1. Mind checking which strands (runs of 3 or more DSSP E) fall wholly inside segment B:1-111 and carry at least 3 residues that are within 19 Å of the chain's Cα centre (by Cα) and closer than 26 Å to B:I173 by Cβ?
2. Kindly indicate whether A:T24 is within 12 Å of the chain's Cα centre (by Cα) and outside any helix (DSSP H, G or I).
3. From the list B:H54, B:H94, which residue is more than 24 Å from B:A236 (Cβ to Cβ), touching a helix residue (DSSP H, G or I) at 6+ places or on another chain (Cβ under 8 Å) and not small (G, A, S)?
4. Which residues, taken from segment A:80-110, are in contact (Cβ under 8 Å) with a residue 40 or more places away in the chain and of a type in the set (S, T, Y)?
5. Quick one: which residue in B:P152, B:P166, B:P141 is without any contact (Cβ under 8 Å) to a residue 24 or more places away in the chain, out of contact with any Pro (no Cβ under 9 Å at 6 or more places or on another chain) and assigned to a loop (DSSP other than H, G, I, E, B)?
6. Counting only residues that are free of Cβ contacts under 8 Å to residues at least 24 places away in the same chain and of a type in the set (A, V, I, L, M), which one in segment A:32-64 is surrounded by the fewest Cβ atoms within 10 Å (Cβ to Cβ)?
7. What number goes with the only condition from (1) within 27 Å of B:N182 (Cβ to Cβ); (2) away from chain A (no Cβ under 14 Å) that B:S71 does not pass?
Amino acid sequence: MNTPNDLLYAKSHEWLRIEKDSGTVGITDHAQSALSDVVFVELPKSGRVVKQGEVIATVESVKAASDIYAPVGGTILESNETLSSDPGLINRDPYGQGWLFRLRTDSPNSTGLLSSADYAATLPH
Amino acid sequence: MPELISESPLASCHLALGARMIPFAGWNLPVEYSGLLAEHKATRQAAGLFDISHMGQIRAQGKNTLSCLESLLANDPAKLKDGEGHYSFITNDHGGVIDDLLVYRLSPDDFFLVVNASRHNEILQLLKKHEAPQVRFSGNPGTTTGMALQGPQASAILAQILQGSPLPLRNHIAQFTLFGGNVLIATTGYTGENGYEIFSDIPTGLKIWAALLETGKPLGLLPCGLGSRDSLRLEAGLPLNGQDLSPEISPIEAGLGIFVDLNRPRPFPGRPALEKQKKSGSPRICIGLQGQPGQPPPRHGYPVFQGDKQIGIITSGVPSPTLGHGIALALVTTPSPACGQDLEFEVRGRRVPAKVSPRRFLPKK
């Protein structure tokens, strides 16, 4: 499974790309593969304040609905609107066009998040 | 007690095909191979091949078998002719469903039952209690293979394997010799498509699986997992025991009263309760619901509302790959809202619109 080096990872299979005081969040290659074809996403409205570990979005495949947790606390800046018409982007490009939302992070503190190598080590081989 | 997980006799085939496996009803089974949506589409447009070795295969043989089955089954097995099959139930004393099953008559003293994996041992024990000196029930889990070949190309693919032997008619079963083994082929399925269910010993099953894959591939056949099996059956409005049927839900509440035969004198478990429901109506009934594109899909367990009043609960729900919006079966209080009426279901604290629809969501073929 692909786990890019420049990202931070939550054990619950979200990734975080830090850009100064904001961050972009998506789900990992492993998560999209385990979910299989994503057919519906429910994303947060901008301005919503979220705590680390709070349920912030839902990604649904044909089989099931999966909660997405905020990997860090912050304020939602924008959600990826393209996903409502093409949720399959999450499967096709989980670290790129399949991003879920951007948020202004509370602090640069990313406690509890894993490096690429540490996250990869948690995945089944 | 930890649940013991059995491997399908076809496990080596799934491994070779790169299937993703999950535990289901005590079995380690493929949930998908190439992807649920691709598998769903292949079954609707060409053909899908499913491992159903986990389904319980029970043989009932000997003089008085029919009489024994008549006293247990909700649909009357005496209606079956040689080579015919039908859908039936084993109900408890309250008329609730212990299991739904297919019952085939091979000859007057030889019946074949296909039951749910989760109920296999329970049903086998229940039947064995009724064994008489001349009636024998057999069929232990894990000793046979079963596979379902479903879709518009299913007949063309199977005909090539059978090399000229005629295929059984819809809802019929016939015995064949294939690759040197005895094989039962029934024209039944769980997808709403034309198709076949093929039962045999393990070595023969392994050869049939390989032959069907190879023959079907040029015609668009894909091996299919439990994921697409569930979305396909729900589009066809077919119930899943444990969700749409349970010991607390009767076949009449599930809208399947036509498979409960009360026009015969013979008693069977739950008959008085079912007679009462058929005569004066059941307190609840299963309806179909259709959501809208762009709205969250309905799922098992979501509450259903008519205005401010909760009238029931979704028993099975899925985003329909064929229709592009959510579909569901829901158990609601009677009198139930009519087809076309607007209801709502609740998803993560928010109400979502849905219309009452017939339970078969796709047009009949």
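The values are calculated or read from the model by the stated rules, or taken from the named source; none is laboratory data. The model shown is predicted, which means the values in this text are computed figures rather than measured ones. Positions of Cβ are backbone-derived with ideal geometry, glycine not excepted, and every protein chain shown enters the neighbour counts.
1. Numbers: elements: B:20-24, B:27-32, B:47-51, B:56-61, B:85-91, B:97-107.
In segment B:1-111, the matching strands (runs of 3 or more DSSP E) lie at B:27-32, B:47-51, B:56-61, B:85-91, B:97-107.
2. Judged against the criteria, A:T24 is a match.
3. Numbers: B:H54 fails: more than 24 Å from B:A236 (Cβ to Cβ).
One residue alone meets the criteria, B:H94.
4. Residues satisfying the conditions are A:S84, A:Y95, A:T105, A:S110.
5. B:P166
6. Going through the qualifying residues, I end up with A:V55.
7. (1)
Okay, residues lined up against (1) free of Cβ contacts under 8 Å to residues at least 60 places away in the same chain; (2) in a loop (DSSP other than H, G, I, E, B); (3) buried (at least 16 other Cβ atoms within 10 Å of the Cβ); (4) assigned by TED's automatic domain parsing to the domain that holds B:P23:
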site	(1), (2), (3), (4)
B:A148	no, no, yes, yes
B:I161	yes, no, yes, yes
B:V183	yes, no, yes, yes
B:L206	no, no, yes, yes
B:A210	no, no, no, yes
B:L222	no, no, yes, yes
